[in-house]
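Presented below is the structure to which this report refers.
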Amino acid sequence: MSGAGGSATFTVTTGAGCAWTVSTTGNFVTVSTPTSQTGTGPVSFSVPENPGDTRTATLTVAGQAVVISQSPNDQVYGNWGGTITKGSGCLATLPASLEWTGTIRRTSTGANEFAISIPSLAVSQTLPIIISGNNIQFTVALDALYTFTATLSSDRRSLTGTFSGGSCSGTWNGTRR
C-alpha cells in the first residue's frame, strides 16, 4: 500500500449460504464493509498516510490471511540515530561526541515532531521540527537553547548538519534506521 494511504476492495467468492468474517491485526487498517457476511461479497478497507516506519497488518478474511504492508509516506519519518560532535566553546566536561536516537513523525494534526534521546546527557524530549525540502531545523533547551540544522541526503535517509547554543557549537549526523 502506498505510504500516502488509500483504499482497496476485493471480492470473496463463496457459496450462497457460506458465512464468513473479516478481522484485522493492524490498528491502522479500517474495514468499511460489514465484518460478517454470507455468500459472495466485497471487502473494502482503507489505510491512512503512514507517518512512520514500514508497517504491516493482516486481514483475516474467511480464514485466509491477506497481508497489508505500507511503506512510510516520506523516508524522513521513522527511527533515526547518529552522533553529536562538540566543537568550539563547549564545556570541557562534555564528551567529544554523544550518541543520539530519535523518531521523526507527523502528528495527527499534521505537525512534524522529533522525539530525541541523548542517553549520556539524560535528555529525552519531544520537539517540534521544521522540515522544508531537504532541510530540517529544531531547537532543544539544555544548559542553553541550541539550534540544530541539517541537510537531508537526496534519499532522505541520512543527514549532516551543525548546532549552536550559548558559546558552544559543533556538528551532528544521523541515519534512518
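Nothing in this text is a laboratory measurement; each read-out follows from the coordinates by a stated rule. Every value quoted in this text rests on a predicted model; they were computed, and no experiment measured them. Cβ coordinates were reconstructed from backbone atoms using ideal geometry, including for glycine residues, and neighbour counts include every protein chain displayed.
Quick notes on this structure:
- Computed on the chain, with alpha-carbon pairs under 8 angstrom and 6+ residues apart, the relative contact order is 17 percent.
- Computed packing ranks the peptides 159-166, 99-106, 57-64 as 99-106, 159-166, 57-64, most packed first, by mean other Cβ atoms within 10 Å.
- Divided by 2.2 N^0.38 Å, where N counts the residues, the Cα radius of gyration of the chain comes to 1.43.
- Beta bridge orientation in the range 78-176: antiparallel %, DSSP, nearest 5: 100 percent
- Between Arg156 and any residue 5 or more places off or on another chain, the built amide H atoms are never under 5 Å apart.
- The charge dipole of the chain, taken about its Cα centre with unit charges on the Cβ atoms of Lys, Arg (+1), Asp and Glu (-1) only, comes to about 120 debye.
- Cα centroids of the range 109-151 and the range 25-55: 34 Å apart.
- The Cys residues in the chain with no partner Cys Cβ within less than 4.7 Å of their Cβ are Cys18.
- Computed packing ranks the peptides 108-116, 68-76, 89-97 as 68-76, 108-116, 89-97, most packed first, by mean other Cβ atoms within 10 Å.
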